[in-house]
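Nothing in this text is a laboratory measurement; each read-out follows from the coordinates by a stated rule. This is a predicted model, so every value here is computed, not measured. FYI the Cβ positions are ideal-geometry reconstructions off the backbone, even for glycines, and counts take in every protein chain you see.
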Amino acid sequence: MTASLKGKTLFITGASRGIGHAIGVRAARDGANVAIVAKTTEPHPKLPGTIFTAAEDMEKAGGKALPLAVDIRDDAAVHDAVAKTVETFGGIDILVNNASAISLTGTLETPMKRYDLMHGINTRGTYLCSQACIPHLLKASNPHVLNLSPPLNMETRWFAPHVAYTMAKFGMSMCVLGMAGEFEGRIAFNALWPRTAIATAAVKNILGGDEGMRGSRTPEIMADAAHVILTSDHKKTTGKFFVDDDVLRSAGVTDLSKYAVDPTAELFPDFFV
């Protein structure tokens, strides 16, 4: 397989910022087409980027971009976005299910509205986008679906502090487990998760503030790991639950210091690994 995504079309949810944005820019550097599927169309005071600024970034990187304003909880909007992507670029080669909602709250502290949001975006949104893209992926030469979700470690310690969030993220991982078997030999389904916290708006605004950001790695480590997975043979690499630094080490990358936000800070471990 060629280690390039040149000419490939990626449908990336939540690509206006963070990890989804970084994966799109990395693919664009190869000359890929990127459908930016996200809700943000106007600048937000606490969240960087819109679908339009992301499109500019990806085109500057060398790719082609299609900004699409979509709430992935809306069935019709998702199917319309898929149709527009196919109409614009001629097909879909790769789906990246990155969009996610988070609330690290206990059972009594989680409003059902927040529960529904996490399950609607994380689990249901992943299932819906997969279902909508699969007919087009089946026509691609090396089709991949990559879910930004954790290994299925069914241990109490990962559930007890935030049952609703863990269920929603593990739902994405169960899509990998089931669909990899269902479409074995035809489409690759894999998961990717970070070893450490990643410097995104979620870390800054929810998890750890500025101190959390200092102990994080940049989203580029996830983008580079995703690139390794997405350029692999779909018949040989499927049903896997990858961790970012393991992927890069397997590809011969031994020095990960360039991904540290602050090389002098102790890295903050992520959940689920």
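Write down the percent of antiparallel bridges among all DSSP beta bridges whose residues are both part of the chain, to the nearest 5.
Within the chain, antiparallel bridges account for around 5 percent of the total.
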_Residues of region 107-141 with backbone nitrogen within less than 19 Å of a virtual label 7 Å along the Cα-to-Cβ line of residue 160, please, listed as ranges._
107-110
*For a label point 7 angstrom out from the Cα of residue 210 toward its Cβ, which stretches of region 243-271 have the backbone nitrogen within less than 15 Å?*
262
*Between residue 184 and residue 47, what FRET efficiency follows from the Cβ-Cβ distance if R0 is 25 Å, with the result rounded to 0.05?*
0.10
*Given a Förster distance of 30 angstrom, what is the FRET efficiency for residue 258 paired with residue 114, based on the Cβ-Cβ distance and rounded to 0.05?*
0.25
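On a 24 Å Cα-Cα criterion, which of the cross-link pairs 84/236; 64/240; 8/139 come out too long? Before the final figure, lay out the partial values.
Values: 84/236 30 Å; 64/240 29 Å; 8/139 13 Å.
Those over the limit are 84/236; 64/240.
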*Spin-label pair residue 138/residue 152, simplified geometry with 7 Å Cα→Cβ offset, distance in nm*: 2.3
*What is the set of long-range amide H partners of residue 9 at a cut-off below 5 Å, with H atoms built 1.01 Å from backbone N?*
33, 93, 94
*Label zone at residue 56 (point 7 Å along Cα-to-Cβ), backbone N below 15 Å, region 18-35*: none
*Can you give me the three principal axis dimensions of region 64-128 from its C-alpha atoms, in Å, biggest first?*
48, 19, 18
*Calculate, in nm to one decimal, what residue 69 and residue 131 gain on full extension: separation in residues at 0.36 nm each, minus their alpha carbon distance.*
20.4 nm
*So, how do all the Cα-to-Cα distances of the chain break down into 10 Å bins, in percent, from 0 on up?*
7, 31, 40, 19, 3, 0
_Cα-based Rg / Dmax (Å) for region 1-137_ = 15.1, 50
*asked:* Tell me whether region 106-264 comes out rounded, prolate or oblate; compute the Cα gyration tensor, take square roots of the eigenvalues as a ≥ b ≥ c, and use a/c under 1.5 as the rounded threshold.
replied: oblate
*State, as an integer percentage, the relative contact order of region 171-243 based on alpha-carbon contacts under 8 Å between residues 6 or more apart.*
45
*Points 7 angstrom from Cα along the Cβ direction at residue 177 and residue 250: gap in nanometres?*
1.9
